[in-house]
Amino acid sequence: MRVLHVAAEIFPLVKTGGLADVLGALPQALIGQGADARLLLPGLPAIVDAVSHQKVVFEIGPCFGAARVTLRLGRMPYSKVPAYVVDAPHLYRRPGSPYQASDGSEWPDNAQRFALLGWVGAHLASGELDPAWMPQVLHAHDWHAAMSCAYLAAHPPATVATVFTVHNLAYQGLFPSGDFALLGLPARFMAPSGLEFHNQLSFMKAGLKFAQHVTTVSPTYAKEIATHEFGFGLDGVIRGRGADVSGVLNGVDGTIWDPATDTGLAARYSADQLAGKARCKQALQAELGLAARADAPVFGVVSRLTSQKGLDLVLAALPGLLQRGAQLALQGAGDPALESAFVAVAKANPGKAAVRIGYDEAFAHRLIAGADAILVPSRFEPCGLTQLYGLRYGTLPVVRRVGGLADTVVDSTESALHEDRATGFTFDAATPAALDAAIQRAIDTHAQPERWRQLMRRAMAQDFSWAGAAQKYMALYDELASRQASLR
Ligand code: ADP
Ligand code: GLC
C-alpha cells in the first residue's frame, strides 16, 4: 500500500502540538505494517536543513507568489522515512512557528503557503511530479494539508483514494473570500457545497467536503464533531458526510516515551520496578524548588495554554489543591493572561506551586515522570497525548470526560477499582467544582499507597501502541483504494 502523508508539522523538527508527534510516528508504524509510506512537508527551515539525501524530483517553477518552487525527495533524520520537501524559500524559509510571525500574528500569505502544499500533494498523487512513485492513498492532516483534497477534486479522474484527518476542528484555516482568486480553482468551488464558509474561504472544508473519507483522532471526538456543541459551525457539514466519518485513536511512540528507556530521567522505571519513579519525583521537586515531600501528591500540567485546555479551571481549583497539601508543577506557553496568572500563583505559593513558561521537550519528560498525576481538564480534546504519556509513565490522569480523554482514561469508580480496570480520575462538567471533586478523589486515593500503586500498574499496562492504530488505517486504506479501483 503506497500512502502519502501531507502535513505541516513533524516531530522532532517542527512542532506546535500533538500533530507533530503523530506525523513523527504514524508513517513509520505504517511501514511496520508493510506499507510504502512517504511524507510531503513544506520546506520550513528545520525541515530543509534536516531531511537528508535530498534529490530534486521536479522543478515546479514560480507559483502561489513564490519565484521558485522545487520538489525534492530525501529521508527523515532518525526514522529514515522518505520525505518529499516543497522548497519554496519565499514562502517557507521563515524562523519560528510554521503559522505565525514572532509577534503572534498569522503570516499574511498563509493561504498561498498552504494552498501550495495541497497543490503539490494533489499533483504528486496524480503522478505528475514523480514518475517513479505514485501513492494509492493521499492522507492529509488538518487544514494545512486539506487543499490537496480540493485540487484532486478539481482534476478528475483521480485514481488516488483520499483520507483527511481532523486533529483539531478549532483551527480551520479561514481566509477572506477574496483569497479564493489566488488558488487557481474553478469558481464553482467557492460555494457552500465547496470551500465557502459564511462568506469566508475555509481550507478545513476542502478536507471535510472533498476527501473520500474523514477521520478524527478518537472515536468519541468523531461523534462529538457532528454536534452543535463541538462542531465549530461545521457540524452540519460533518453530519452530511454520514458514515464517511470515523475515529482512529492516536498511539504513543514507545521509542520516545517509555520510562524504562528514557535517558533524560533521573532514574528509569517500569510497572515492576517502580522505585525509579520516586527518584524522578524527588528530582522534579528539587529542580522546581518544590518542598521535598514524598507524601505530597504532585499534580503536573504540560500544555498549550489556550481556552481548549480548560486551565482556567485549574486556576480556580488550585487554592483547594494546595490547601490539601498537594503540589502543582506546570509547563506551558500560550495565552499571555493564563501565563501571567500561573506565574502569579507560583510566586504566591513558593515550595507548593511551580510554573515554567515556555516550550521544553526534555523537561516535559522529566515533569511527566516526576509528577504523581497529570491534569487535562480540556473543554474539548480530539485525542490528547499527554494523558497517554501519563498512563505510560504511571502518572495518573485527571481528565474531563470528553473526546479522546473519555476514550483512554477509566475512572476510579468502586466497580472499576474492584474489577481492576481503573486508570485515573474523570469528571464531566467544565466547572471548577467538578475538577475540584476529581482532584479531591485523587488526593484521597494517593493517601492509600497500595490502591495508588494498583492504579499505576493498571495505567502502565495499557497498550496505546501505534501498531494498533496503523492496522486500523491500513484496513481503511485497503477499503478505500479498492473502492477507487472499482471506479476505474
Ligand atoms: P495539543 O496537540 O492539542 O496541544 P496533545 O496532548 O495532543 O495536545 O499534544 C501536545 C504535545 O505537545 C505533547 O507532546 C506535549 O508533551 C507537548 N507540549 C505541550 N506543551 C508543551 C510545552 N510547553 N513544553 C513541552 N512540550 C509541550
Ligand atoms: C490536536 C488535538 C489533540 C490531538 C493532537 C494529535 O492538536 O488538540 O487532542 O492529540 O491534535 O492528533
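Against the conditions (1) more than 26 Å from Arg483 (Cα to Cα); (2) more than 16 Å from ligand 1 (Cβ to nearest atom); (3) in contact with a Ser or Thr (Cβ under 7 Å, 6 or more places away or on another chain), Thr227 satisfies every one except (3). Restricting attention to region 69-111 and to residues that are of a type in the set (Gly, Ala, Ser) and under 24 Å from Phe175 (Cβ atoms), the residue that is surrounded by the most Cβ atoms within 10 Å (Cβ to Cβ) turns out to be Ala88. Selection of region 388-409 for residues being under 26 Å from Ala278 (Cα atoms), part of a loop (DSSP other than H, G, I, E, B) and without any contact (Cβ under 8 Å) to a residue 40 or more places away in the chain yields only Val409. Can Ala154 be described as of a type in the set (A, V, I, L, M) and in contact with a Pro (Cβ under 7 Å, 6 or more places away or on another chain)? Yes: the conditions hold for Ala154. Residues in region 302-360 that are touching an Asp or Glu at 6+ places or on another chain (Cβ under 6 Å), part of a strand (DSSP E or B) and more than 16 Å from ligand 2 (Cβ to nearest atom): 1 in all. For Ala329, the conditions (1) surrounded by 21 or more Cβ atoms within 10 Å (Cβ to Cβ); (2) touching a Pro at 6+ places or on another chain (Cβ under 9 Å) all hold with the exception of (2).
Would it be correct to say that Leu174 is at pLDDT 95 or above and either over 27 Å from Ser378 (Cα atoms) or charged (D, E, K, R) (or both)? Considered against the rule, which asks whether it is at pLDDT 95 or above and either over 27 Å from Ser378 (Cα atoms) or charged (D, E, K, R) (or both), Leu174 comes out as no.
Please count how many residues of region 263-281 are surrounded by fewer than 21 Cβ atoms within 10 Å (Cβ to Cβ) and part of a loop (DSSP other than H, G, I, E, B). Break it down into steps so the answer makes sense when it comes.
Taking region 263-281 and keeping what is surrounded by fewer than 21 Cβ atoms within 10 Å (Cβ to Cβ), we get 263-264, 266-268, 270-276, 278-279.
Then drop every residue that is not part of a loop (DSSP other than H, G, I, E, B), which leaves 263-264, 266-268, 270-274.
Residues meeting the conditions: 10.
Applying a threshold of 8 Å to beta carbon distances and a minimum spacing of six or more residues, or different chains, the list of pairs starting in region 414-426 at a residue that is hydrophobic (A, V, I, L, M, F, W, C) and ending at one that is in a strand (DSSP E or B) and buried (at least 17 other Cβ atoms within 10 Å of the Cβ) reads Ala422/Asp411; Phe425/Ala373; Phe425/Leu396; Phe425/Pro397; Phe425/Val398; Phe425/Val399; Phe425/Asp411.
Any residue in region 375-383 that is part of a strand (DSSP E or B), surrounded by 17 or more Cβ atoms within 10 Å (Cβ to Cβ) and either touching a residue at least 40 places away in the same chain (Cβ under 8 Å) or within 13 Å of ligand 1 (Cβ to nearest atom) (or both)?
Here is the first cut: in region 375-383, the residues part of a strand (DSSP E or B) are 375-376.
Remaining after also requiring surrounded by 17 or more Cβ atoms within 10 Å (Cβ to Cβ): 375-376.
Next, from what is left, pick out any that are either touching a residue at least 40 places away in the same chain (Cβ under 8 Å) or within 13 Å of ligand 1 (Cβ to nearest atom) (or both): 375-376.
The answer is yes; a qualifying residue exists.
Those residues that are under 29 Å from Glu224 (Cβ atoms) and part of a loop (DSSP other than H, G, I, E, B), I need them from region 161-185; list them, please. Once the filter is applied, which keeps residues that are under 29 Å from Glu224 (Cβ atoms) and part of a loop (DSSP other than H, G, I, E, B), region 161-185 yields His167, Asn168, Leu169, Ala170, Tyr171, Gln172, Gly173.
Each row is one residue, and each column tells you yes or no for (1) within 16 Å of ligand 2 (Cβ to nearest atom); (2) at pLDDT 95 or above; (3) buried (at least 24 other Cβ atoms within 10 Å of the Cβ).
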{"site": "Pro12", "(1), (2), (3)": "yes, yes, no"}
{"site": "Gln33", "(1), (2), (3)": "no, yes, no"}
{"site": "Asp36", "(1), (2), (3)": "no, yes, no"}
{"site": "Leu41", "(1), (2), (3)": "no, yes, yes"}
{"site": "Leu44", "(1), (2), (3)": "no, yes, yes"}
{"site": "Ile47", "(1), (2), (3)": "no, yes, yes"}
{"site": "Ala50", "(1), (2), (3)": "no, yes, no"}
{"site": "His53", "(1), (2), (3)": "no, yes, no"}
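The values are calculated or read from the model by the stated rules, or taken from the named source; none is laboratory data. Please read all numbers here as calculations on a predicted model, not as lab measurements. Neighbour counts run over all protein chains shown; Cβ positions are idealised from the backbone, glycine included.
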